[in-house]
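The next block holds one structure in the form of C-alpha cells; read it before the comments.
The values are calculated or read from the model by the stated rules, or taken from the named source; none is laboratory data. Please read all numbers here as calculations on a predicted model, not as lab measurements. Note: ideal-geometry Cβ built from the backbone for every residue, glycine included; neighbour counts use all protein chains shown. Each accessible area value is taken on the protein alone, full model and side chains, heavy atoms only, with ligands, DNA and RNA left out. Shrake-Rupley method; radii C 1.70, N 1.55, O 1.52, S 1.80 Å.
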Amino acid sequence: MLTHCLRLTAYFLMAKGIAILGSTGSIGCNTLRVVESLGEQFHVVALGAGRNVWKLAEQIALYRPQLVSVANEECAQELAGLLRERGIKTPAIRVGEAGLIEVARMAQAEIVVSAIVGAIGLVPTLEALKAGKRVALANKETLVMAGEIVTRAARESGAELLPIDSEHNAIHQCLRGEKRAEVRRLVLTASGGPFRCKSLREMEEATVEDAMQHPTWTMGAKVTIDSATLMNKGLEVIEAHWLFGFDGEAIDVVVHPESVVHSMIELVDNSIIAQMGATDMRHAIQYALTYPERQACALPPLDLTQLSVLRFEAPDRARFPCLELAYRALRTGGTLPACLNAANEMAVEAFLAGRIRLTDISRVIDRVMTKHEVQATRDLDVILEADREARAAAAAEIACLTLSERIAVEKLV
Ligand code: MG
C-alpha cells in the first residue's frame with residue numbers, strides 16, 4: 001500500500017499536467033490516446049468540452065481531471081447527474097467561456113492543448129499563452145482572427161506555441177536547424193478534398209454527404225467542409241504566416257492527393273525538405289507534447305514500399321475561390337482575416353444545415369469581405385466586434401441566397 005502511495009505521489013510530481021480545450025472532439029480524443037500511450041509522463045488535470053456530456057463523463061472516469069468545463073448550466077447538471085449515477089468522483093464543473101478560461105489557466109497545467117473548433121477557442125487560448133503555458137495549437141481560427149495579438153502574448157510571457165495542425169507541424173519539423181534567411185518559401189500540401197476531380201457543375205449540386213467524404217483524413221464536420229472548399233488551406237496559409245513569420249507570397253499551396261508529405265520548405269539553394277508520415281494526427285500531437293525530445297510512437301511507421309506514387313498538382317483557383325479569398329485577407333490584414341473566418345463559419349453552418357449550396361460558401365464570404373470596413377487590429381475588442389459584425393452580415397447574405405433559391409424553385413414548379 002505504502003509503495004503504491006509513493007508511486008502515485010511520484011507520478012503526480014513527475015508527470016506534466018495537461019489541460020485540453022475541446023476534449024470530446026477529434027483532436028481532443030486523439031490527445032487522450034497519445035497521453036495514454038506515453039505512459040506516466042503526462043497526466044490530465046483539466047478538460048474543456050461543450051455539449052457532449054456523455055463522452056466527457058467517460059473521459060472523467062478514465063482520466064480523473066480535477067476541473068472540467070461544459071457549455072452551460074444545463075449541461076453541467078446533466079454531467080453531474082451522469083457521474084452520480086455511475087459512482088464517479090465529480091471534479092469541479094464550470095460553464096461557458098469563463099469555464100474554458102479557467103481550464104486554460106489552471107495552475108497545474110503545464111501544457112494546454114487548444115482543440116476547440118472555431119472562433120470560440122480564441123479567448124481561452126490567448127489566456128493560456130498569457131499564463132505562460134506551452135500551447136499545442138490545433139485551433140487555427142485563433143491565429144487567423146488575431147495572429148498578431150496571439151503571437152505577441154506568447155512572446156511577452158515566454159510561452160511556447162507549437163502547432164498540431166499537420167501541415168504546420170511538418171513545417172516546424174522541417175525548419176529545425178535551418179537559418180531563417182536561407183528558407184525561401186513554405187509549401188503547404190492539400191489533399192484536394194472530395195471535389196479535386198469534379199466539375200464546377202458537380203460541386204454546385206454537391207450534397208452535405210458528398211462534401212463529408214474526405215479522401216484521406218477523418219475529422220470533424222467544420223474542418224471537413226473547409227477541406228472540400230480549400231478554405232482549410234486558405235486558413236492554414238494565414239496560420240503559417242503568424243507561426244513562422246513568412247509573407248503570403250512566400251507561402252505556397254500544392255495539391256498532394258496522397259497526403260503523405262505533410263508539408264515542405266524550399267531553401268535558397270533550391271533544396272526542398274519534406275516531412276512525411278502516416279495520415280494520423282497522433283504524430284503531430286505527440287511531437288507537440290514531447291518537443292524538443294522525440295520519443296518512440298505507438299503508431300506503425302510509414303511503409304515506403306507501399307507508396308506507389310506521390311502526385312503534386314497546382315490548386316484550381318477558379319473552382320476553389322476560397323483559397324484566393326484567404327490570400328486577399330492576409331494581404332490586407334487588419335480585421336479582414338477575422339471577417340473571412342466569421343463569414344466562413346456561418347456559411348459552412350448554413351451549408352451543413354442544407355440552407356445554401358457548397359459553391360455559395362465562397363459567395364457569402366466574398367460579399368461579406370467586400371462590404372467590411374477594415375480596421376487596424378490593436379486590441380482584441382476590435383477583432384471580436386469585427387467577428388460579430390461579419391456574422392450578422394453573413395446571416396443576411398445567407399438569408400438572401402436562401403430566398404432567391406426558393407423563388408427560383410417556385411418559378412420552375
Ligand atoms: Mg491541416
The stretch 143-179, residues that are closer than 23 Å to GLY333 by Cα, more than 14 Å from the ligand (Cβ to nearest atom) and part of a helix (DSSP H, G or I): MET145, ALA146, GLY147, GLU148, ILE149, VAL150, THR151, ARG152, ALA153, ALA154, ARG155, GLU156
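State whether the residues of the stretch 372-383 include one that is of a type in the set (Asp, Glu) and open to solvent by less than 40 Å² (accessible area, probe 1.4 Å). Steps first, answer last, please.
Filtering the stretch 372-383 down to residues of a type in the set (Asp, Glu) leaves 373, 379, 381.
This time we only want the ones that are open to solvent by less than 40 Å² (accessible area, probe 1.4 Å), so: none.
No; the residues of the stretch 372-383 include none that is of a type in the set (Asp, Glu) and open to solvent by less than 40 Å² (accessible area, probe 1.4 Å).
Of all strands (runs of 3 or more DSSP E) completely enclosed by the stretch 216-290, which ones contain at least 1 residues that are within 15 Å of the ligand (Cβ to nearest atom) and modelled with pLDDT under 95?
Details: elements: 251-255, 261-267, 272-276.
Where strands (runs of 3 or more DSSP E) fall fully within the stretch 216-290, none carries at least 1 residues being within 15 Å of the ligand (Cβ to nearest atom) and modelled with pLDDT under 95.
Looking only at residues in the stretch 195-210 that are open to solvent by less than 30 Å² (accessible area, probe 1.4 Å) and in a loop (DSSP other than H, G, I, E, B), which one is nearest to the ligand (Cβ to nearest atom)?
The first filter runs over the stretch 195-210 and keeps only residues open to solvent by less than 30 Å² (accessible area, probe 1.4 Å), leaving 195, 203, 206.
Now narrow it down to the ones that are in a loop (DSSP other than H, G, I, E, B): 195, 206.
On the way: PHE195: 17, ALA206: 21 Å.
Filtering first and then ranking leaves PHE195.
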Failed item, numbered, when ALA298 is tested on (1) over 21 Å from LYS198 (Cα atoms); (2) surrounded by 11 or more Cβ atoms within 10 Å (Cβ to Cβ); (3) at pLDDT 95 or above: (3)
Given (1) over 30 Å from GLY334 (Cα atoms); (2) surrounded by fewer than 22 Cβ atoms within 10 Å (Cβ to Cβ); (3) over 20 Å from the mean Cα position of the chain (by Cα), index of the condition ASP247 fails: (1)
Residue ID - nearest to SER37 (Cα to Cα), chosen from residues in the stretch 63-86 that are of a type outside the set (Asp, Glu) and open to solvent by 70 Å² or more (accessible area, probe 1.4 Å): ARG64
Test result for ARG311, in a loop (DSSP other than H, G, I, E, B), open to solvent by 50 Å² or more (accessible area, probe 1.4 Å) and touching an Asp or Glu at 6+ places or on another chain (Cβ under 7 Å): yes
Cross-chain or 6+ apart pairs with Cβ under 8 Å, the stretch 206-226 first and assigned by TED's automatic domain parsing to the domain that holds HIS256 and of a type in the set (A, V, I, L, M), then open to solvent by 40 Å² or more (accessible area, probe 1.4 Å) and part of a loop (DSSP other than H, G, I, E, B): ALA206/LYS198; ALA206/ARG357; VAL208/GLY354; ALA221/MET212; VAL223/VAL117; ILE225/MET212
